[in-house]
Ligand code: PEP
């Protein structure tokens, strides 16, 4: 059995005070939840204060991005510094990084390796655009992103990596993939992981769905055999919505 993960990507939202208020609400209201892993990825400025607040909580703190080197890289953040400030995980390859900041698969691969080497867990994001889906290129795109993004990793490294399937057309649009569309993509991803690594690695890897996950669609998504959790953007900013998502019902 794969332990589900519900992860909140706060993107570029929340002052330190707002972040502390939300994190404290989550910590209090999710303290009894022991069969789901909760991850939150606040903006960099809130990481240190939240780490202090979450020391006695199982909620995992994650960075939203990292750079695969240290030194003269003005404005960037390294995996080691994320760890230093209390992060245990990092999101890599989010579609906003790919689309708005032109991040390519080989660069994303460098980040994945650097983050793992620094001892962080990785939430590795992939997903097709609407044009690619309409041109029946979804599986081709996912395969390329996985082959290149996970190049050089072995099964041991994969135990610290979670895949997030996030169709670009569903992110922040209110248009969720149907349960069937999501399950089809997740099943494809698991099959590919089985080919690239081995069956037990594929069976053990958590594959999250992301793209307009809300309280009213989480249960149906989590009912799918290959969906092991969610990466949540907009709805993770609202305490009630995120708590309901974290308390999804599978049946
Ligand atoms: C995301 O940013 O990863 C995301 C899925 O956003 P939203 O839930 O708002 O679509």
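The values are calculated or read from the model by the stated rules, or taken from the named source; none is laboratory data. Keep in mind that this is a model prediction, so the values were computed, not measured. Reconstructed Cβ throughout: ideal geometry from the backbone, glycine too, with neighbour counts over all protein chains shown.
Just a few scattered comments:
- Taken together, the residues in the range 225-251 that are within 17 Å of residue 94 (Cα to Cα), part of a helix (DSSP H, G or I) and touching a strand residue (DSSP E or B) at 6+ places or on another chain (Cβ under 7 Å) amount to 1.
- Any hit, the range 216-227, residues being more than 18 Å from residue 183 (Cα to Cα) and in contact (Cβ under 8 Å) with a residue 60 or more places away in the chain: no
- Only one of the listed residues (164, 157) is within 10 Å of the ligand (Cβ to nearest atom) and either farther than 22 Å from residue 137 by Cβ or not in a loop (DSSP other than H, G, I, E, B) (or both). That residue is 164.
- Residues satisfying the stated conditions in the range 169-187, i.e. under 23 Å from residue 121 (Cα atoms), in contact (Cβ under 8 Å) with a residue 40 or more places away in the chain and part of a helix (DSSP H, G or I): 185, 186
- All conditions in (1) within 21 Å of residue 95 (Cα to Cα); (2) within 16 Å of the ligand (Cβ to nearest atom); (3) modelled with pLDDT of 95 or more hold for residue 222, with the sole exception of (1).
- Taken over the range 40-70, the criterion of being in a helix (DSSP H, G or I) and out of contact with any helix residue (DSSP H, G or I) (no Cβ under 7 Å at 6 or more places or on another chain) is satisfied by 44, 47, 48, 51, 52.
- Meets criteria (farther than 18 Å from residue 129 by Cα, in contact with a helix residue (DSSP H, G or I) (Cβ under 9 Å, 6 or more places away or on another chain) and within 14 Å of the ligand (Cβ to nearest atom)) for residue 90: yes
- Among residues that are under 17 Å from the mean Cα position of the chain (by Cα) and not in a helix (DSSP H, G or I), residue 214 is included.
- When the range 187-219 is filtered for residues that are within 12 Å of the ligand (Cβ to nearest atom) and out of contact with any helix residue (DSSP H, G or I) (no Cβ under 7 Å at 6 or more places or on another chain), the ones remaining, listed by number, are 208, 210, 217.
- All positions within the range 27-56 that are crowded, with 18+ Cβ neighbours inside 10 Å and within 16 Å of the ligand (Cβ to nearest atom): 38, 39, 40, 41, 42
- Any chance residue 151 is out of contact with any helix residue (DSSP H, G or I) (no Cβ under 6 Å at 6 or more places or on another chain) and either farther than 20 Å from residue 109 by Cα or assigned to a loop (DSSP other than H, G, I, E, B) (or both): no
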